[in-house]
1. Can you work out ³J(HN,Hα) from phi for every residue in segment 145-153, in order, using Karplus 6.51 cos²θ - 1.76 cosθ + 1.60 and θ = phi - 60°, giving whole Hz and x for Gly and Pro?
2. Based on the Kirkwood radius over alpha-carbon pairs, what is the Stokes-Einstein translational diffusion coefficient of the chain at 20 °C with 1.002 mPa s viscosity, in µm²/s?
3. What percent does the relative contact order of the chain come to when contacts are Cα pairs within less than 8 Å and at least six residues apart?
4. Determine the shape class of segment 109-154: with a ≥ b ≥ c the square roots of the Cα gyration tensor eigenvalues, call it rounded for a/c under 1.5, and otherwise prolate if a/b is greater than b/c, oblate otherwise.
5. Work out the P(r) tail for segment 60-130: percent of alpha carbon pairs separated by more than 15 Å, whole number.
6. Can you work out ³J(HN,Hα) from phi for every residue in segment 233-239, in order, using Karplus 6.51 cos²θ - 1.76 cosθ + 1.60 and θ = phi - 60°, giving whole Hz and x for Gly and Pro?
7. For the chain, what does -39500 (n - 2.57) per DSSP helix run (n ≥ 4), summed and divided by total residues, give at 222 nm, in deg cm²/dmol to the nearest 500?
8. Ignoring everything but the protein chains, give the 1.4 Å probe accessible area of Met27 in square angstrom, nearest 10.
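The values are calculated or read from the model by the stated rules, or taken from the named source; none is laboratory data. It should be emphasised that the depicted structure is a prediction, and the values quoted were computed from it without experimental measurement. No Cβ is skipped: glycine too gets one built from the backbone with ideal geometry, and neighbour counts run over all protein chains shown. For accessibility, only protein heavy atoms count, side chains too; no ligands or nucleic acids. Shrake-Rupley method; radii C 1.70, N 1.55, O 1.52, S 1.80 Å.
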Amino acid sequence: MPRPPKRRRPLVAIVADNRGTETTDLMIPQAILARSGLADVVVVAPQSGDIALMPALTIAAQQTLDAFDRAHPDGADYVIVPAFHHDDDRGPVVDWLRRQAGSRAIVVGICEGAKVLGRAGLLDGRKATTHWYAADSLRSAYPTMRWTPQRRYVIDGGVVTTTGVTASLPVSLALVEAIGGAAAARALADSIGIADYGDTHPGEHYRLDAGRIWRIVANGAAVWRHETAGIPAGDGIDGIALALTADAWSRTFRSQAIAIGAASSVVTREGLHLRLADQTDRRKPDWIIRLDDDLPSARHLDRTLAAISSRYGDDTADLVALQLEYPWPDGLGDMR
């Protein structure tokens, strides 16, 4: 990473939009950094209350932007920006992000979080990347940005950007290495099932072709076959495994994942307050998916894609992996 943090124990703020923030982009960095034990991590949002994660799950904000500013007038050491589902040119997050960058926070845009960085003026003249689907629009919107292909994450000064959704895994481990050293990052990577968190990435492999467009249309049109997958959740649930499982199942255009349980909310292993779905008749699960406690956390994505392939076919699993910019069926071993 480009420069040392301001504190001996860094403060990491993950900023969300209450109205819609990408599930994996937020939950993976929060979980990995929390598990590292090397930093204080807080999820902040413009408003208190719930944050709608897209395409699945709901969590509670841990602090508002205003409350964070009052508690930490010198700003965060690192700010992580997931993809948002509303493209506001201005607003509280963009203004807040400018102030954080001005206080020398290192700003990390995950996936299409790069768009938010762009609106804050943080991509001008810098090397950057983003999700394959948003690349052309980002280059058009910010012509002085220096597009950098073939990299899973790109570092330029105090700004870091990544490719698609699953790039949240290697860049989070790179942050752990920057804070606590290579041995700490390697041990954490091994524990969650990732062999290589380097930045090399064959981005040219990811594109939306005619076959994939046809699969989107066919799956979306089969409304009578749309299903709800229930994931039982209790206190201490693995946030990495949950995010990867729920996110993938909710991208098939055939299914939607929900977190279920007897309570109205639970706390993940990493300290997020997760809201559980109200199981009305309309949202009653068609089947149950249980996380595997014996499986390394990140390997749940390989497991989920295999299950999607079995239920809906290889072409649907391929479509999910494309959206996540994930090298299926190669898997997470080398994060290619």
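1. Going residue by residue, I get 4, 9, 4, 10, x, 6, 10, 5, 9 Hz, with x marking Gly and Pro.
2. Numbers: Rh = 19.9 Å.
Answer from the Stokes-Einstein relation: 108 µm²/s.
3. Working: 718 pairs, mean separation 58.3, N = 336.
Here the relative contact order equals 17 percent.
4. Values: a/c = 1.33, a/b = 1.23, b/c = 1.08.
Rounded shape, in that the Cα axes give a/c under 1.5.
5. Numbers: 1318 of 2485 pairs.
I get 53 percent for the Cα pairs in segment 60-130 exceeding 15 Å.
6. Those phi angles translate into 10, x, 3, x, 4, 5, x Hz.
7. Working: 11 runs with 116 residues, N = 336.
So the calculated ellipticity at 222 nm is -10500 deg cm²/dmol.
8. The accessible area comes out at roughly 0 Å².
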